[in-house]
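**Student:** I am attaching a structure below and will ask some questions about it afterwards.
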Amino acid sequence: MKNSEISVRSAEIISYYAGFVILGTSMLMIIPVVTAILSREWIPMLDFIISMGIAASLGLIFVLLGRRTKGHSASVQWRHGFAVAALSWVMLMFLCSIPYLLSGHTYSYLDACFDVMSGFTTTGLVLTQDLDHLSNALNMWRHMLTFIGGQGMVVLALTFIVKESSGGYKFYVGEGKDIALVPNVKGTARIIWKISIVYLLFGTLVLWIAGLLIGLNPASSLLHAIYIFESAWSTGGFAPNTQNIMYYHSFLYEAIAMVFFIIGSFNFGLHYAVWQGKRKEFVRNIEIQSFAITAFLASVLAVAALSKTGLYPDAVSLYRRVVFNVLSAHTTTGFGSLYARQFALQWGDGGILIMVIAMLIGGSACSTAGGFKGLRVGIVFKGIIADVKKLLSSERSMRVYKFHYMKDIVLEDGLVRASALIIICYMVLFGIGTLLGTFCGYSLADSAFEASSVTGNVGLSIGVTSASMPAVLKIYYIFAMYLGRLEFLSVFALIGMAITGVKRIWKRKQI
Amino acid sequence: MRLSKAEIIGLLTEISGVLIFLGILFAVTLLFAR
Amino acid sequence: MEKKTNLIHCALAVILSLCLVGFPVLAGDNSVSVNELIENSAGYNGKSITITGEAIGECLERGDNVWVNISDKSNAIGIWMSKEEAGGIKYYGDYRYTGDILVITGVFYEACKEHGGEPDIHCSALKISTTGEMKNEKIPVPKILLAAGFTVLALTLYMAYRQMINKKPERSNAD
């Protein structure tokens, strides 16, 4: 009797908090509604009011179903946190895709869900058709999704809606952020938002001015600035154009985007440290070092490989077409300064391989970037070096190996193992994706490129992602983007809890 | 929302750091373009 | 007699091959799509081609020249043309408008040296085949009803939520 009471409680806890996350995100739809009104786009306005109504209703229903949780926040456990994150993301995928469906720019509900998951996970692969004729409201929404997804919907809800904060930390971790910047969770979430808002204002201003300089009119320059900044900062990679960043034909615009997407790929804890005056952190941090090394190597190797083809006549071309894309891939942003097919046709296997590796390594932990994360790569790498040194050194010496990440941390075996395990999970996800691609008829290089883009939440495409792609591949990609972004644990927890819950109910029926 | 002096310097540090990195990469690209 | 026939056959063969080989180069009336250009970028590189597409977004001025991006449903590409040529374009496609359909003749570059390695087209001749127009936005009644309906539902549920918060008996359940 007691057991079933507990399991019912878990469901209620999850429902309660997931409900708030859904409710909070649905409230954000007011922004596209306002955009639609200001742009006199009446049908999109209705689309968003409908979507908002549905989402808010569902969120409230979830909260009401779990209402007994109110006042009992102490009973929230880690697994609940993970499950809430995982469940919210799935529910929100179905709800936030309604505006796309109503707009008529997606061929199916599946395509709409794909685009939403692509946005939330800051991937950036696109199945929406005819981007150049999208309403301002829908464009505002698409780019907002990457910004919100990058920050984290759970983080969002925690900051602004949920009054109780004792269980809060557990939700926070469930969404892939594990840096406790300050003792309390709400404070941490607020700081993340402050840094993002400051950059949002500054970045939008810079892009707006740049837009004016390259020939955009003031109103559209502002909109593009907002979209491109959100996309860069979140390392999403969406743009309001079919040609992505090539629409602007501007080195200046590309360079500014590069600066912001690189900064955006850094750990929030790093921003916080540097903004508090600990500027040395910027150089000593293991992730920055890891990124600087791998990004530099990947760029140089790619430039070497591509300059041999003789395709790009000068340094500026090499920089704009090669370095830009390599960095876009490595930070898992996904802005493309080349057409998708050009990677397949012009880059050769060497170039493609470099991109695949860069995309899988990804950006920093606790940031909007995807991939293995530089932290894990750095830890595993140092772990290997430490093991070799231990082997070679005398048995009497007891050296402690450390690395620097906000503070000096001991390189413990447990830590190395945990990092390596997650890297293995990513590689399995990538491997299955590549295999599935080849089963569907795509070449190995194409399948690997697309699979790494999906697994690392990058968004660059070699041409596989399209509306005519097999549905099974679309579904797998959605699943992989989701799993990759939440870093596996949340989803495993959700699945685990669901299975346990079902088992309990089954057992009760047997008695 | 107020920004303290440290926060502004922090912002500028991050931006300069990245610009320097990008600049070095450009210099290396120039080498290959010969 | 035989020699003459042979000669004629030869000449015909040569002319025919020239036509087939030279066809892409002469491509006067045959439009290529953006995707075709990308798929065979090496073959089309530096050649004069004709392309048809809708002007989208806006005209990006760069001094005496401008960029006009065109979309042909398969993809979009930038056309580099003079300010005067672009002057004739009235409508650019976006949510509200369908842009002018342009027929562009120009040289395609797979990695344009002048423009940082971009694939682009330098326009030599521009013709506006169809003028654009404003799209008719008729608001469908079902959507208005749905919007109203779901708003009412959400508000009702919200009131239920307020009720729930307000009745707060002291629950002394230990956890």
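Every number in this text was worked out from the coordinates using simple rules, so none of it is lab data. Given the structure is predicted, the values throughout are model-derived calculations rather than measurements. When we count neighbours, we look across all protein chains shown, and the Cβ atoms used for this are built from the backbone with ideal geometry, even at glycine.
**Student:** With each pseudo-label sitting 7 Å past Cα toward Cβ, what's the A:Leu65-C:Val152 distance in nm, one decimal?
**Tutor:** If labels sit at A:Leu65 and C:Val152, their model points lie 2.5 nm apart.
**Student:** Beyond 20 Å between alpha-carbons counts as too far, so tell me which of A:Lys280/A:Lys402; A:Lys474/C:Lys143; C:Lys47/C:Lys73 fall in that bin.
**Tutor:** Numbers: A:Lys280/A:Lys402 17 Å; A:Lys474/C:Lys143 29 Å; C:Lys47/C:Lys73 22 Å.
The answer is A:Lys474/C:Lys143; C:Lys47/C:Lys73.
**Student:** Let me ask something else. Sort A:32-38, B:17-23 by the packing proxy (mean of other Cβ within 10 Å over each peptide's residues), most packed first.
**Tutor:** Working: A:32-38: 19.1, B:17-23: 15.7.
Top to bottom by mean Cβ count within 10 Å: A:32-38, B:17-23.
**Student:** Tally Lys and Arg at +1 and Asp and Glu at -1 over the other residues with C-beta under 13 Å from the C-beta of A:Leu223: what net charge comes out? Before the final figure, lay out the partial values.
**Tutor:** Values: positive: A:Arg142; negative: A:Glu41, A:Glu230, C:Glu58, C:Asp94.
Every neighbour counted, the sum reads -3.
**Student:** Which peptide among A:130-138, A:465-473 comes first, and what is the full order, when sorted by highest mean count of other Cβ atoms within 10 Å?
**Tutor:** Working: A:130-138: 21.9, A:465-473: 14.4.
The densest-packed peptide leads the list: A:130-138, A:465-473.
**Student:** FRET efficiency for C:Gln163 and A:Arg40, Cβ-Cβ distance as r, R0 = 45 Å, nearest 0.05?
**Tutor:** Computed FRET efficiency for C:Gln163 and A:Arg40 comes out at 0.70.
**Student:** If packing is taken as the average count of other Cβ atoms within 10 Å, what order do A:430-437, A:388-395, A:450-457, A:191-198 fall into, highest mean first?
**Tutor:** Those peptides, ordered most packed to least, come out A:450-457, A:430-437, A:191-198, A:388-395.
**Student:** Now a separate question. If you add up the charges near A:Ala498, with Lys and Arg at +1 and Asp and Glu at -1, over every other residue whose beta carbon is less than 12 angstrom from its beta carbon, what do you get?
**Tutor:** Taking every Cβ under 12 Å from that of A:Ala498, the sum is +3.
**Student:** Within 10 Å of each Cβ of C:140-150, how many other protein chain Cβ atoms are there on average?
**Tutor:** Per-residue shielding by partner chains comes out at 5.
**Student:** While we're here: What are the radius of gyration and Dmax of the protein assembly as shown, computed over its Cα atoms and given in Å?
**Tutor:** In order Rg, Dmax, the Cα atoms of the protein assembly as shown give 27.6, 117 Å.
**Student:** Taking each full run of DSSP H in chain A as one helix, which ones are at least 24 Å long along their axis (Cα atoms) and have mean Kyte-Doolittle hydropathy of at least 1.0?
**Tutor:** Sorted by number, the helices that extend far enough and score high enough are A:42-65, A:78-96, A:185-213, A:286-309, A:374-392, A:413-439.
**Student:** Please work out the Cα convex hull volume for region A:381-456 and give it in Å³ per residue.
**Tutor:** 112
**Student:** Which whole number gives the average count of other chain Cβ atoms within 10 Å of the Cβ atoms across peptide A:339-347?
**Tutor:** Mean partner-chain Cβ count within 10 Å for A:339-347: 4.
**Student:** While we're here: For a Förster distance of 41 Å, can you work out the FRET efficiency between the beta-carbons of C:Thr130 and A:Ile209, rounded to the nearest 0.05?
**Tutor:** That pair, C:Thr130 with A:Ile209, gives E of 0.70.
**Student:** In nm, to one decimal, how far is the B:Ala6 label point from the A:Ile475 one, both placed 7 Å along Cα→Cβ?
**Tutor:** 5.3
**Student:** Please work out the Cα convex hull volume for region C:27-156 and give it in Å³ per residue.
**Tutor:** For region C:27-156, the hull spanned by Cα atoms encloses 158 Å³ per residue.
**Student:** What FRET efficiency do you get for C:Glu61 and A:Asp349 if R0 is 51 Å and r is their Cβ-Cβ distance, rounded to the nearest 0.05?
**Tutor:** 0.80
**Student:** Run lengths n ≥ 4 of DSSP H only: what is the helix-derived mean residue ellipticity at 222 nm for chain A, with -39500 (n - 2.57) per run over all residues, to the nearest 500?
**Tutor:** For chain A, the value works out to -22000 deg cm²/dmol.
**Student:** What does the charge count around C:Tyr44 come to, taking other residues whose C-beta lies under 10 Å from its C-beta (Lys +1, Arg +1, Asp -1, Glu -1)?
**Tutor:** Numbers: positive: C:Lys47; negative: C:Glu36, C:Glu39, C:Glu110.
Once all neighbours under 10 Å are counted, the net charge is -2.
**Student:** Per-residue mean of other chain beta-carbon atoms within 10 angstrom of the beta-carbon, peptide A:59-70?
**Tutor:** Taking the mean over all residues of the peptide, I get 3.
**Student:** Hey, rough spin-label estimate for A:Leu435 and A:Met27, points 7 angstrom out along Cα→Cβ, what's it come to in nanometres?
**Tutor:** Calculated label separation equals 4.5 nm.
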